[in-house]
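Before any comments, here is the structure.
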Amino acid sequence: MPATKAQRPSILIIDDDEPIRQLLGSLLEKYHCVAASSAEDALGVLKTIRFDLVISDINLGRMSGLELIPYVLEQTPETVVVMISGQQT
């Protein structure tokens, strides 16, 4: 469910690198941000909170950010998903 004008948009930041999570959270501080360090942690959060935007690293460990996309869209099809990567390949 997208945020109303009275609510701040909510963003889920998923990255296994804590400095990246902190940087993104700092850059997006005017929004309601929640951070997760893995896709598995993010799945738990997604069951309780609806997000307007999900920013996820592609390479997360056991489950990749790309594998997470169908679960996000199953919960909230209107959520925008942006994938990021520190890999240059």
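Computed from the coordinates by the stated procedures, all read-outs in this text should not be read as laboratory data. Here the structure is a predicted model, which means the values were calculated and not measured. Note: ideal-geometry Cβ built from the backbone for every residue, glycine included; neighbour counts use all protein chains shown.
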Index of the failed condition, Arg8 passing every other in (1) free of Cβ contacts under 8 Å to residues at least 24 places away in the same chain; (2) in contact with a strand residue (DSSP E or B) (Cβ under 9 Å, 6 or more places away or on another chain): (1)
Given the condition over 13 Å from the mean Cα position of the chain (by Cα) and of a type in the set (Gly, Ala, Ser), answer yes or no: does some residue in region 56-78 qualify? yes
Take the residues in region 37-61 that are touching a Lys or Arg at 6+ places or on another chain (Cβ under 8 Å) and not polar (S, T, N, Q); name whichever of them is nearest to Ser10 (Cα to Cα). Ala39
The residue that is nearest to the chain's Cα centre (by Cα), considering only those in region 17-31 that are closer than 14 Å to Asp57 by Cβ and among the hydrophobic types (A, V, I, L, M, F, W, C), is Leu24
